[in-house]
Each structure stands twice: as structure tokens, then as C-alpha cells.
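Trainee: Can you keep this structure in mind? I'll have questions shortly.
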Amino acid sequence: MSHNELIEQTLNNAVEYARAFLHEGSVATYIPELAKGNAAHIGACLITPDGAQYHCGDWQQDFTIQSISKTINLIYALQSVGYEKVFSKVGVEPTGDAFNSIVKLETRNTRPLNPMINAGAIATASCCMNRPDPFGEFLNLTRTLCGRQTIGLNEAVYLSEKKAGMRNRSMAYLMQSDNILENDAEQVLDLYFRMCSVNVNTQDLAHYGLVLACDGVDPLTGKRLVESWIVRIVKTLMVTCGMYDGSGEFAMKVGIPAKSGVGGGIMGSVENKLGLAAFGPALDAKGNSVGAYHIFEYLSHHLGLHYFSGKACKI
Ligand code: GLN
């Protein structure tokens, strides 16, 4: 079997393996518009630096990026206002709590613990509020990183989040009262909800994962899109905090820097080797896609992608 056939076959097997677990999850309902997601959807896309692309299942299906936007939000903030400013507003430590938890804002520190949870992403977004068009710049960056200029906002999900986002609203007002947010909480929330409501597919996110895997350079064009020091920060936080309070288990079982979102996506990045994205709206209790999680796990085992797999790596 050729190298390409091996990857193709393994990806197909991964999707079939993962399909059997979909019944264990359910679609997110706390954002009413997300409840319309199809729990039977499952798909994946993998891209290597030579431009070879492999895909399977519902890989072309659009879904909202949700928390995967937190990584782009962080890149945007670090590029726009720099390290000192961003990390004066948000920390870099895992929480062990749910992605939408509010508890540590009061008991631990007024500064949210990391940019990969909701409170931390809202604080990160607030750093760019003084830019002339923060969402426009964020969207352009997303398009560039994903390699598709037609990426846009899912208006229905955005409005649904804005209406239902009372928990996020509570955190934002609490942070405004503690001067973590320097701007009006509603304006920051509006930017945050928009960032979460951008429509993508697995090809877009696999391309983005590939750019991260290649140190911020798009290997398909040779252009540097993100500075090295920022890429290193983002991938480190993906390892420690990218799967919320499931990050430790994911690191052990899968060992790929990754970020998940409640739209059902997981984006991953294997150093110098590939970008990977998987999708399935049925979520586990922690808000991670059951289907996408199992696809990552299968591929990690069968292609030797764990960061400590050493010689077992087949790519
Ligand atoms: N927009 C979602 C929220 O604020 C993002 C959460 C997620 O993907 N985990 O709750």
C-alpha cells in the first residue's frame, strides 16, 4: 500500500470507527440554534505540507467554529496589542472546570485563568476593542488561516447566542466590575458572539491546523501568516487547555495539540506533519464532539501521531 493509500484508508476507518460512538452524545441545546444540528453527521479532513488532502464523510458540511475561534482570537490579540497587554488580562493555566464556568473569577483571581475558556476569550477579545473594525479584522485573519475567502458569519447562530448568552453575560459584567474589561461588556460580548458564530468546514480547519503545524507558514504558498512566538503560545495552550476540562485525558490518549468547539468541530495540528479537523455535532458531557474525539484517537493510534510516539509515527 502506498503512503497516500495508507492515510486514505486509515482516515476512512477512523470515521467508521467513530460513527459507532455517536449515540453516546447529543447536540448542544443551550444555544437554541445549535439544537438544529444533525447528531448523525460525521466527517474529517487531513492535509499534509505537500498539499495532499484526504477527506471522508460530511467533511464539506458547514458548522459554526465556536470555541475553536478562541485560538484565532488569541492570535489576533497578540498580533494587535502584544504579549504584555494580553497576558495582563488573562492567564495561561488550565482550570479543570467546564468551559463556561464562572467560579474561579471570584475565588481564585479576577483575571480568567486562560484564553481557551469563555471568560478568558471574552477578556482576550476586549483587548482589541479599540481597533477600528475588530470583527472585520478577525474574519480576515480567519479567512487567511483557513485558506478560504468566502468564510462568513452564521447570522442565525450569532443572534441565538446573543439572546441566550446569559452565562457569558454574567462573566463579562463581573470582569467589567473588576476592570479586566476596559470596555462596555455588551460591546465585547457582541464581538465574542460573532467570533464564535463564523461558519467553517473541516477543510478550512485542517488548513488552519496545517499552518500551525508549519510554524505559522502556509506551506501551500510559502507565506508566513503568523509569527513563530505566537504559534508556540497557541499550540501550548491547545495542549494544556484546548479540550476544556478534558484536556488531560485527551493529551494522554490522543497527544495532538487540538481545540474543540460546541459546534462539533475539533481542529488539530501535528508538528511539521499535518493539519487535521474532524466534525460531528453530537457532544459528550464536557462539550467535546464524540465523533471527532474518536476520529482523533483512532488516527493517533494508527498513524502514530501522539507527540511522544517517537519511531511509531507513520507520516
Ligand atoms: N459560543 C459558545 C459559548 O459561548 C462557545 C463555547 C464552546 O464552543 N465551548 O458558550
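The values are calculated or read from the model by the stated rules, or taken from the named source; none is laboratory data. As the structure is a prediction and not an experimental result, all values here were calculated from the model. Here Cβ is always computed from backbone atoms with ideal geometry, including for glycine, and neighbour counts include all displayed protein chains. When the accessible area is computed, the model is the full protein with side chains, heavy atoms only, and any ligands, DNA or RNA have been set aside. Shrake-Rupley method; radii C 1.70, N 1.55, O 1.52, S 1.80 Å.
Trainee: What helices (runs of 4 or more DSSP H) completely inside the stretch 127-213 contain at least 2 residues that are over 21 Å from Val103 (Cβ atoms) and of a type in the set (A, V, I, L, M, F, W, C)?
Mentor: Where helices (runs of 4 or more DSSP H) fall fully within the stretch 127-213 and carry at least 2 residues being over 21 Å from Val103 (Cβ atoms) and of a type in the set (A, V, I, L, M, F, W, C), they are 134-146, 155-164, 185-196, 202-213.
Trainee: Just the residues that are open to solvent by 10 Å² or more (accessible area, probe 1.4 Å) and part of a loop (DSSP other than H, G, I, E, B), please, taken from the stretch 227-261.
Mentor: Result: Glu227, Pro257.
Trainee: Then there's this: Where residues in the stretch 149-179 are out of contact with any Leu (no Cβ under 9 Å at 6 or more places or on another chain) and surrounded by 16 or more Cβ atoms within 10 Å (Cβ to Cβ), which of them is farthest from Gln66 (Cα to Cα)?
Mentor: That would be Gln176.
Trainee: Suppose the filter is acidic (Asp, Glu), modelled with pLDDT under 95 and either open to solvent by 20 Å² or more (accessible area, probe 1.4 Å) or within 16 Å of the ligand (Cβ to nearest atom) (or both); does Glu182 pass it?
Mentor: Considered against the rule, which asks whether it is acidic (Asp, Glu), modelled with pLDDT under 95 and either open to solvent by 20 Å² or more (accessible area, probe 1.4 Å) or within 16 Å of the ligand (Cβ to nearest atom) (or both), Glu182 comes out as yes.
Trainee: Now for a separate question. Given the options Ala213, Ala206, name the one that is farther than 27 Å from Val157 by Cα and among the small types (Gly, Ala, Ser).
Mentor: Ala213
Trainee: Next question. Within the bounds of the stretch 292-307, is there any residue that is more than 16 Å from Ala18 (Cα to Cα), open to solvent by less than 10 Å² (accessible area, probe 1.4 Å), at pLDDT 95 or above and of a type in the set (Ser, Thr, Tyr)?
Mentor: No, because not a single residue in the stretch 292-307 is more than 16 Å from Ala18 (Cα to Cα), open to solvent by less than 10 Å² (accessible area, probe 1.4 Å), at pLDDT 95 or above and of a type in the set (Ser, Thr, Tyr).
Trainee: Hey, among the residues in the stretch 33-52 that are of a type outside the set (Gly, Ala, Ser) and surrounded by fewer than 15 Cβ atoms within 10 Å (Cβ to Cβ), which one's farthest from the chain's Cα centre (by Cα)?
Mentor: Asp50
Trainee: When you go through Glu155, Glu137, Glu93 one by one, which is the residue that is more than 30 Å from Thr221 (Cβ to Cβ), at pLDDT 95 or above and more than 16 Å from the chain's Cα centre (by Cα)?
Mentor: Answer to the selection: Glu155.
Trainee: Could you list, in sequence order, the residues of the stretch 140-152 that are on the phi < 0 side of the Ramachandran plot and over 15 Å from the mean Cα position of the chain (by Cα)?
Mentor: Asn140, Thr144, Arg148, Gln149, Thr150, Ile151, Gly152, listed by residue number.
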